[in-house]
Amino acid sequence: LRERGFNQALELARHLAPHKTWATALQRQERGGHQVGASREARLTQAAHAFWVEPTHIASLRGQHVVLVDDVMTTGATLYAAARALKAAGVAKVTGLVLARTEAHEPLA
């Protein structure tokens, strides 16, 4: 959002389910840097505690099936961390939907 002026994943979600998009339910702390080029371990560490559910949304999310939308998935660390936060808030089922998946690259020696 800060760099592009819009949230591409939110725009995808709004087109897919215009009356069911709760952009404010899942919150994310600002992270220190980009994940581009980071190893899987570094991505998992950066994303591990980056998400929480806004307390005012917990009751309405409890027992629901939530679909997380992301534009590009590399390692799945962001989706995994977001899903963990939703499950901790009582969401019954989380499905990840991504527009693109990066190719696996061999580690550089």
Practice item. Would you calculate the separation in nanometres between label points at residue 64 and residue 28, each defined as 7 Å from the Cα along the Cα-to-beta-carbon direction? Key: 1.9 nm
Check your understanding: Per-residue accessible area for residue 49 at 1.4 Å probe radius, Å² rounded to 10?
Key -> 150 Å²
Point to revise | Approximate spin-label separation residue 102-residue 42, in nm, with each point projected 7 Å along Cα-to-Cβ | key: 1.0 nm
Check your understanding: Counting only protein heavy atoms and using a 1.4 Å probe, what share of the accessible area of segment 49-109 belongs to carbon plus sulfur, as a whole percent?
Key -> 59 percent
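The values are calculated or read from the model by the stated rules, or taken from the named source; none is laboratory data. Since the structure is predicted, the reported quantities are computational estimates derived from the model, not experimental observations. Quick reminder, even Gly has a Cβ in these numbers, built from the backbone with ideal geometry, and neighbours come from all protein chains shown. Ligands, DNA and RNA are excluded from the accessible area calculation, which covers all protein heavy atoms including side chains. Shrake-Rupley method; radii C 1.70, N 1.55, O 1.52, S 1.80 Å.
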